[in-house]
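The values are calculated or read from the model by the stated rules, or taken from the named source; none is laboratory data. Since this is a predicted model, take the numbers as computed values, not measurements. A quick note on method: Cβ atoms are made from the backbone with ideal geometry, for glycine too, and the neighbour counts reach across all protein chains shown.
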Amino acid sequence: MAVTQIADVVVPAEFTAYQVENSMVSTALFQSGVAVRNNEITAQLQAGSQSFTVPFWADLGESEADITNDDPTDLSTPLKITAARQVVRKSFLHQRWSEMSLASELSGDNALARVQNRVSAYWDRQFEKRLIATLKGVLFSNVANNSSDMVNDISGLTGALANFNGGAVIDTALTLGDRLSDVKAIAMHSAIYGEALKNDEITFFKPSENEVEIATYKGMAVILDDNLAPASGVYVTILMGMSAVGFGVAEPRTGWGTELFRKPDAGHGGGQSVLHSRFNMAMHPLGFTFTAASVAGDSPTIAELATAANWTRAVAQRKSVPLAYLVSK
């Protein structure tokens, strides 16, 4: 009986291009529009170094306008504009799969699509975990360094007051002050979503007749994601503006994004194929800089992305960051 092998169906250059094109599209947070592909980040992934800097101009401030007069000797004093920077850290990632573990699923119908979908699904889950870790790192940094001005923590209140509720969500959005309308999506664990459903707080609508229904909570698109798992019974719900996080993904600048390795002696001469998949990627929340104060290797791990010491806010105003966090039971 003929068996389709990985080496028979994977063309490395085409396979890598497929993975790059389809990365970050099938998990909830990436579908929401909260994370958007950034061309500058993507371009920098093809350059050297572990990180790169994105400079930006600060706002013009709130100084009162001059009151003019007709005195020719009374000269106005010009104000200045200042610049700041965000440091973006790259991640150099790799995983491999053995043909022996995949061969039973790769024989027969549309083998190449089966390989591509399995590998794409793996990377989608990995990237989403890194995104959630990044958002948690920003949360912990905000608590440690900015007096929790992006956070509404009700988890320590008594009884039902500690539970997720509509009033607490509004208070969380109000950490953005008059920019609360920037919040367009809310990411929550399924347990929180279930409570909102029971309380009849979830509304569904269809953008058009042929599209699927979209769940909303107080006008915000609901992102249902169990990667937001609770710790000690405490949940983090994240309110986000569109384009709150920029990301880029690219194949390595040197070497190969996809590589096949053949071990002819394995299996007592039956042979073994190993598929290697590699990506350079970066993911960065608007308004923050990655300090790498607690990174042991050349790339941050998921745990290191969620570490407060590795993040600091680069913008002066809290309102410039379209993120807010509700911590509840």
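Output the number of the condition that residue 202 fails; it satisfies all remaining conditions of (1) more than 24 Å from residue 324 (Cα to Cα); (2) without any contact (Cβ under 8 Å) to a residue 24 or more places away in the chain; (3) not basic (Lys, Arg).
All conditions pass for residue 202, except number (1).
Could you run through the stretch 160-199 and say how many residues are under 30 Å from residue 320 (Cβ atoms), free of Cβ contacts under 8 Å to residues at least 40 places away in the same chain and hydrophobic (A, V, I, L, M, F, W, C)?
Of the residues in that region, 3 qualify.
Which of (1) under 30 Å from residue 264 (Cβ atoms); (2) at pLDDT below 85; (3) hydrophobic (A, V, I, L, M, F, W, C) is the odd one out, the single condition residue 205 does not satisfy?
Going through (1) under 30 Å from residue 264 (Cβ atoms); (2) at pLDDT below 85; (3) hydrophobic (A, V, I, L, M, F, W, C) one by one, residue 205 breaks only (1).
For residues that are of a type in the set (D, E, K, R) and out of contact with any helix residue (DSSP H, G or I) (no Cβ under 6 Å at 6 or more places or on another chain), scanning just the stretch 233-277, find the one that is nearest to residue 172 (Cα to Cα). Explain how you work it out, then say what you get.
First, pick out the residues of the stretch 233-277 that are of a type in the set (D, E, K, R): 251, 253, 259, 262-263, 265.
Applying the additional criterion that residues be out of contact with any helix residue (DSSP H, G or I) (no Cβ under 6 Å at 6 or more places or on another chain) yields 253, 259, 262-263, 265.
Working: 253: 42, 259: 47, 262: 54, 263: 56, 265: 60 Å.
Among them, the one singled out is 253.
I need the full set of residues from the stretch 286-329 which are polar (S, T, N, Q), out of contact with any strand residue (DSSP E or B) (no Cβ under 8 Å at 6 or more places or on another chain), in contact (Cβ under 8 Å) with a residue 12 or more places away in the chain and farther than 16 Å from residue 143 by Cα, in order please.
Once the filter is applied, which keeps residues that are polar (S, T, N, Q), out of contact with any strand residue (DSSP E or B) (no Cβ under 8 Å at 6 or more places or on another chain), in contact (Cβ under 8 Å) with a residue 12 or more places away in the chain and farther than 16 Å from residue 143 by Cα, the stretch 286-329 yields 294, 320.
Which ranges mark the strands (runs of 3 or more DSSP E) fully within the stretch 228-302 that have 2 or more residues being exposed (fewer than 15 other Cβ atoms within 10 Å of the Cβ) and modelled with pLDDT under 85?
Working: elements: 235-241, 245-250, 258-263, 272-285, 288-290.
Fully inside the stretch 228-302 and qualifying: 258-263.
Evaluate the following for residue 255: is it of a type in the set (Gly, Ala, Ser) and within 30 Å of residue 97 (Cα to Cα)?
Working: of a type in the set (Gly, Ala, Ser): yes; within 30 Å of residue 97 (Cα to Cα): yes.
Yes: the conditions hold for residue 255.
Could you look through the stretch 173-182, keep only residues that are at pLDDT 95 or above, buried (at least 18 other Cβ atoms within 10 Å of the Cβ) and not small (Gly, Ala, Ser), and pick out the one that is farthest from residue 245 (Cα to Cα)?
175
Here's a check for you: in the stretch 150-172, which residue that is surrounded by fewer than 21 Cβ atoms within 10 Å (Cβ to Cβ) and aliphatic (A, V, I, L, M) is nearest to residue 285 (Cα to Cα)?
Among residues in the stretch 150-172 that are surrounded by fewer than 21 Cβ atoms within 10 Å (Cβ to Cβ) and aliphatic (A, V, I, L, M), the one nearest to residue 285 (Cα to Cα) is 151.
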